[in-house]
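Below: the structure, in structure tokens.
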Amino acid sequence: MSDQTETLDAIRSFNRSFTQRLSLLSRNYLDSDLSVTEARVLFEICTGPPATAREFAIRLDIDEGYLSRLLNGFDNHGWITRRRSQSDARKQDISATEAGQNALAPLHDKSRADITRRLAGRDLKGIARSMNALNVQISGIDLAAVQLRGLGPGDAGWLIQHHAEHYAASDGFDASFEALVAEVLAEFLRSPNQMDRAWIAHSDSLRLGSIFCVQTDTPKVAQLRLFYLTPPARGLGLGQRLLNACINHARNHGNHTLKLWTHETHRAATQLYKRSGFRMIASEPVHHFGQDCIQQNWELPLN
């Protein structure tokens, strides 16, 4: 048996052991009425931005026909809603209803309790570190090689394109959002301020994300802007690294507050803000970029 075959068989063995240990072969997930696949699809819909069925199929690597049948079942339960996509009127964006969120909510606690029971007596933090390391390896991104630098030639165009394409697909934002990103970048480039700073996360020539810290008209108040990670770079801790760079810069330059605005649908980002000490100070319905949204304003005290 070749070394490569032994390596591949070791990975296959881990997969079999992992699925058995977490009871992923059971007919019903965590004694609910959902299969593992149904629970995973519902989780993606409830925690991610609205998307078309095809986009969910690609994201989850699931057969479109099978996914369609699952979504029809969710429709019957009243767990999802479909509305015409702003980016393509021929398509429908799918998002979770309150009933869908309520159906998923008990599974979070059940899953945590199940893992705690199955791994009782083990080093949970050590296991989490190992799993995070595995996730990094699978992503193909060498975090040790990722560096943060300032804004360079071509970065502005890259940021405009990626923001526009991502938020058109995820939130249905129209061209006015692309115009806003372009305006923010144009102002940043035309009016250099020693207090303002941009970071681009990259590995060699591959751009992975961005974050900006700019001064506001209010003394000692800075604003976080253009926080973005490419899909392969998410879930690896890089977002926290970028956020920490922004927070430290704002604090080191004498600011007492770092503020930002975002939308309710950007749940992964808001969870990161919350863990970093930000507080949501306002939430209101707005019509932004061709969409009805819930805008949220967050602040972080820096003193």
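The values are calculated or read from the model by the stated rules, or taken from the named source; none is laboratory data. Predicted, not measured: the structure shown is a model, and the values here were computed from it. So basically every Cβ, Gly included, is an ideal-geometry build from the backbone, and we count neighbours across all protein chains shown.
If you check Gly157 against the conditions, is it surrounded by fewer than 16 Cβ atoms within 10 Å (Cβ to Cβ), of a type outside the set (S, T, N, Q) and out of contact with any Ser or Thr (no Cβ under 8 Å at 6 or more places or on another chain)? Spell out how you get there, then give the answer.
Numbers: surrounded by fewer than 16 Cβ atoms within 10 Å (Cβ to Cβ): yes; of a type outside the set (S, T, N, Q): yes; out of contact with any Ser or Thr (no Cβ under 8 Å at 6 or more places or on another chain): yes.
So Gly157 passes the test.
Across the range 178-200, which residue is farthest from Leu148 (Cα to Cα) among those that are in contact (Cβ under 8 Å) with a residue 24 or more places away in the chain and not in a helix (DSSP H, G or I)?
The extreme case among them is Met195.
Among the residues of the range 203-236, which ones are of a type outside the set (Ser, Thr, Tyr) and either closer than 25 Å to Ala128 by Cα or not assigned by TED's automatic domain parsing to the domain that holds His263 (or both)?
Leu208, Gly209, Leu229, Pro231, Pro232, Ala233, Arg234, Gly235, Leu236
Condition check: surrounded by 12 or more Cβ atoms within 10 Å (Cβ to Cβ), in a strand (DSSP E or B) and out of contact with any Lys or Arg (no Cβ under 9 Å at 6 or more places or on another chain). Does Ser210 satisfy that?
In short, yes.
Residues are listed down the side, and each one gets a yes or a no for (1) within 30 Å of His266 (Cβ to Cβ); (2) in a loop (DSSP other than H, G, I, E, B):
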{"residue": "Asp9", "(1), (2)": "no, no"}
{"residue": "Gln20", "(1), (2)": "no, no"}
{"residue": "Ser23", "(1), (2)": "no, yes"}
{"residue": "Ser26", "(1), (2)": "no, yes"}
{"residue": "Leu30", "(1), (2)": "yes, no"}
{"residue": "Arg40", "(1), (2)": "yes, no"}
{"residue": "Glu44", "(1), (2)": "yes, no"}
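If you check every pair at least six apart or on different chains, which have Cβ atoms under 7 Å apart with a residue in the range 142-157 that is within 13 Å of Ile211 (Cβ to Cβ) first and a residue that is exposed (fewer than 11 other Cβ atoms within 10 Å of the Cβ) second?
So the pair list comes out empty.
Can you pull out every residue in the range 135-153 that is modelled with pLDDT of 75 or more and out of contact with any strand residue (DSSP E or B) (no Cβ under 9 Å at 6 or more places or on another chain)?
If the condition is that a residue be modelled with pLDDT of 75 or more and out of contact with any strand residue (DSSP E or B) (no Cβ under 9 Å at 6 or more places or on another chain), then Ala144, Pro153 are the ones that fit.
Looking at the range 251-267, which of its residues are under 21 Å from Val181 (Cα atoms), touching a strand residue (DSSP E or B) at 6+ places or on another chain (Cβ under 9 Å) and not in a strand (DSSP E or B)?
Glu264, Thr265, His266
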